[in-house]
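Structure record follows, encoded as structure tokens.
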Amino acid sequence: MSARDEILAAVRGAVATARRPVEVPPLDRPEREGDVDLFAARVADYRATVVRCPPEGVAAAIAAALPERATVVVPDGMPYAVPGAVPDAGLSSAELDATTAVVTTATVAIATTGTIVLSHGAGEGRRVLTLVPDVHVCVVRADQVVDDVPAAVRRLDPARPTTWISGPSATSDIELSRVEGVHGPRTLHVVLVGPADGTPPGAVS
């Protein structure tokens, strides 16, 4: 018997005697509305910038968040006007690397962790769009903010890929020194859109 056969035989024996997994009943509790103020504070804790505005102020808030003379890319299905932006039509990594910023929407946001989740549908684009450009401007509606991670997961389609964003890209792997932008954007701007009656515009940074 070869070493391969011995390994496979051991695996079959272990599987044959393994206990069946315990079925865990789903968490049955009503979804609570997320605390938008808490979400804004948590995002700011990650050294991101949060700007709150009413729906009619989104275009202006996006424009203010973008660097001067920035080259900007937007995904298909972007519902907000971004003058001068280049639509993503399968841009190469090199073309994206030459782009200053990306503007996207989101699927859901989590108040207790300050996390934004993208499921890469319309307005959110390919995962690479939010990993290569140096600046990410993300528009989040107040009604997309939920209380915690389980509530966020219930809003997600398990068949879709997701990207979970908690502030700008950062690592402290080398001598515990924080370095931003190693594997993603160094700057995250969140445009938090309030209800129709309007949350007074203001910034948290």
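The values are calculated or read from the model by the stated rules, or taken from the named source; none is laboratory data. If you're wondering where the values come from, they're calculated on a predicted model, not measured in any experiment. Cβ placement follows ideal geometry from the backbone for every residue including glycine, while neighbour counts extend to all protein chains displayed. When the accessible area is computed, the model is the full protein with side chains, heavy atoms only, and any ligands, DNA or RNA have been set aside. Shrake-Rupley method; radii C 1.70, N 1.55, O 1.52, S 1.80 Å.
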Any hit, the stretch 119-137, residues being within 20 Å of R47 (Cα to Cα) and in contact with a Phe, Trp or Tyr (Cβ under 6 Å, 6 or more places away or on another chain): no
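What strands (runs of 3 or more DSSP E) completely inside the stretch 56-120 contain at least 2 residues that are under 30 Å from D148 (Cβ atoms) and open to solvent by less than 20 Å² (accessible area, probe 1.4 Å)? Write out each step before concluding.
On the way: elements: 72-74, 101-105, 108-110, 115-118.
Once the strands (runs of 3 or more DSSP E) in the stretch 56-120 are filtered for at least 2 residues that are under 30 Å from D148 (Cβ atoms) and open to solvent by less than 20 Å² (accessible area, probe 1.4 Å), what remains is 101-105, 108-110, 115-118.
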Count of the stretch 44-55 residues which are outside any loop (DSSP other than H, G, I, E, B) and surrounded by 20 or more Cβ atoms within 10 Å (Cβ to Cβ): 4
Among (1) under 21 Å from R52 (Cα atoms); (2) open to solvent by 30 Å² or more (accessible area, probe 1.4 Å); (3) at pLDDT below 90, the one test that A170 misses: (1)
Filtered residues of the stretch 63-80 (kept if within 21 Å of S119 (Cα to Cα) and of a type in the set (A, V, I, L, M)): V72, V73, V74, M78
Contacts under 8 angstrom Cβ, first residue in the stretch 134-149 being within 16 Å of D37 (Cα to Cα), partner part of a strand (DSSP E or B) and polar (S, T, N, Q), 6 or more apart: V139/T104; V139/T105; V140/T105
